[in-house]
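The values are calculated or read from the model by the stated rules, or taken from the named source; none is laboratory data. Note that the structure is a prediction, hence the values are computed from the model and not measured. Note that we place each Cβ from the backbone using ideal geometry, even for glycine, and neighbour counts take in every protein chain shown.
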Amino acid sequence: MSDSSDEDFNESYVMYRHRREWSDVHPIKQNDGPNPIVAIAYSERFLDVYDYFRAILATQEKSERALELTTDALRLNAANYTVWQYRREILHALKKNLYDELQYIAEVIEDNPKNYQVWHHRRVIVEWLNDASKELDLTEKILDLDAKNYHAWQHRQWAIETFNLFDNELAFIDKLIAADVRNNSAWNQRFFVLKHLGLTPETVQREIHYAMNRIRLIKNNESSWNFLKGLLEYGDFSISQFPDVETFTEELYNSGNRSPYLLAFLVDMYTEKTLHIYETNSYDDPEVYARKVVELCEMLANHYDTIRYKYWKYVIQKFNADKELAKVGPNEQNEEKDEEEHLVTREPEKVNGEAQ
């Protein structure tokens with residue numbers, strides 16, 4: 001295997017073993033043992049650079065030429081953790097301008113946008129500077145190339161949370177969702193921001209309408225359905241607090257929509273209503289909603305989400321068990337629990353004066 005990153009070097013490049021200023025260094029060859037199982041066909045340039053890197057690592061040389069050597073080593077393999085770690089030690093020892101390093105690492109990230117070590121190095125330098133003013137622009141640039149780049153999102157979330165950069169993030173997310181309503185990463189980022197800003201009933205109501213409007217555009221989009229469900233499950237909120245959600249989902253169903261995400265949402269909604277009626281002894285008939293839960297689960301199992309057939313059968317079983325428990329009511333449940341504890345803890349009966 002030859003290293004394709006050799007192409008990044010121009011024709012005037014000189015091997016380290018031919019450089020006069022490196023003549024005092026004795027390169028250290030890589031030791032793969034006498035009989036390596038899979039011998040890697042490194043390029044001559046790769047061997048040359050890393051032989052000299054091992055040499056300066058062994059002597060702990062921290063100099064301008066050592067820093068230049070790490071640049072060449074990373075050009076050949078940007079995923080080498082040891083090189084990045086030693087580069088940071090050199091930067092610290094030489095008291096280098098870390099803003100120059102930020103510019104350098106931005107260029108490396110553009111060429112290696114999914115390389116964990118590159119992003120980690122960026123985070124460390126930002127922490128040293130205690131300045132994340134360039135991070136939102138950088139991650140936006142990378143996300144323009146790939147809107148679902150996990151490393152860019154992770155770095156962006158870290159910078160926003162660590163340096164309190166929440167102010168304009170919802171507007172940024174709006175732009176991404178407008179460009180691709182199926183962008184699950186953008187929906188996840190929206191929930192991340194809202195959770196940190198605080199999900200009040202007013203905020204939840206606003207975001208419910210935001211999600212429903214996007215669902216109207218594409219009804220079979222898992223991302224927006226998950227976001228809507230997440231809003232209602234977070235904290236102490238319930239679907240019953242927001243009757244417009246019930247109206248919206250039932251209208252979709254009655255219009256003939258059979259998206260599995262809609263049906264699964266209705267299962268949750270009718271389950272909540274059934275158990276609430278049983279637990280509060282209200283005048284509504286809970287079995288009206290209970291029958292809908294079972295019917296929707298059967299539809300999902302047999303027609304619209306058959307790959308999860310066993311799951312929906314399990315949901316029916318669990319719902320029936322929860323329903324029976326709710327029928328008993330909290331007072332009777334406590335009485336049964338007290339009786340069970342009494343049977344376990346009561347004094348043993350005695351026969352002929354001896355405990356049995």
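Restricting to region 242-301, and then to whatever is outside any helix (DSSP H, G or I) and surrounded by 18 or more Cβ atoms within 10 Å (Cβ to Cβ), can you tell me which residue is modelled with the highest pLDDT? Once the filter is applied, the top-ranked residue is Ser259.
The condition of being out of contact with any Leu (no Cβ under 7 Å at 6 or more places or on another chain), within 29 Å of His151 (Cβ to Cβ), at pLDDT below 95 and surrounded by 15 or more Cβ atoms within 10 Å (Cβ to Cβ) holds for only one of Tyr42, Tyr50, that being Tyr42.
Quick check on Leu232: is it touching a Ser or Thr at 6+ places or on another chain (Cβ under 9 Å), among the hydrophobic types (A, V, I, L, M, F, W, C), surrounded by 13 or more Cβ atoms within 10 Å (Cβ to Cβ) and under 22 Å from Ala326 (Cβ atoms)? Here the answer is yes, as Leu232 does meet what is asked. Please find, among Asp244, Asp174, Asp180, Asp167, the residue that is under 29 Å from Glu295 (Cβ atoms) and out of contact with any Pro (no Cβ under 9 Å at 6 or more places or on another chain). Unique residue meeting the criteria: Asp244.
In region 91-103, the residues that are closer than 13 Å to His121 by Cβ and modelled with pLDDT under 95 form no Cβ pair under 7 Å with any partner that is buried (at least 17 other Cβ atoms within 10 Å of the Cβ) and hydrophobic (A, V, I, L, M, F, W, C), whether six or more places apart or across chains.
Listed here are the residues, each with its yes/no results for (1) exposed (fewer than 12 other Cβ atoms within 10 Å of the Cβ); (2) at pLDDT 95 or above; (3) of a type in the set (A, V, I, L, M).
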position: Glu61; (1), (2), (3): no, yes, no
position: Glu64; (1), (2), (3): yes, yes, no
position: Trp84; (1), (2), (3): no, yes, no
position: Ile125; (1), (2), (3): no, yes, yes
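The single condition among (1) within 30 Å of Pro113 (Cβ to Cβ); (2) in contact (Cβ under 8 Å) with a residue 40 or more places away in the chain that Glu21 does not satisfy is (1).
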